[in-house]
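Below is one structure, written out as structure tokens; comments come after it.
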């Protein structure tokens, strides 16, 4: 094994593989909203229920529009901004694509 190459254990196959191979064969996880629609970076979403925001002491009401979302590594969460709350992370089960 060469010193300059990285190897990663692939749990799906049970083998050690070069990092370059593992990164190219894995498909990106699809991020879906509560209605099953595909979400992408830059989409706008609407909240489907009232959400209490921890640490902000605020409640986001049902029907609030959140613009310009960003996808995260976790397919169950999206990163977004609201006028009063910066760095907001929402679960996809509580949003619907606009």
Original post:
Could you count how many residues in the range 54-70 are closer than 12 Å to residue 88 by Cα and in contact with a strand residue (DSSP E or B) (Cβ under 6 Å, 6 or more places away or on another chain)?
Top reply: 4
Original post:
Taking only pairs six or more apart or across chains, which ones have beta-carbon atoms under 6 Å, a first residue in the range 78-92 that is on the phi < 0 side of the Ramachandran plot, and a second residue that is surrounded by 17 or more Cβ atoms within 10 Å (Cβ to Cβ) and assigned to a loop (DSSP other than H, G, I, E, B)?
Top reply: 78/69; 80/69; 88/82; 92/33
Original post:
Where in the chain are there strands (runs of 3 or more DSSP E), lying wholly inside it, with at least 1 residues that are in contact with a helix residue (DSSP H, G or I) (Cβ under 7 Å, 6 or more places away or on another chain) and either loosely packed, with under 12 Cβ neighbours inside 10 Å or at pLDDT 90 or above (or both)?
Top reply: 45-47, 51-53, 77-80
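The values are calculated or read from the model by the stated rules, or taken from the named source; none is laboratory data. What you are looking at is a predicted structure, and each value in this text was computed from that prediction instead of being measured. All Cβ positions, glycine included, derive from the backbone under ideal geometry; neighbour counts span all protein chains shown.
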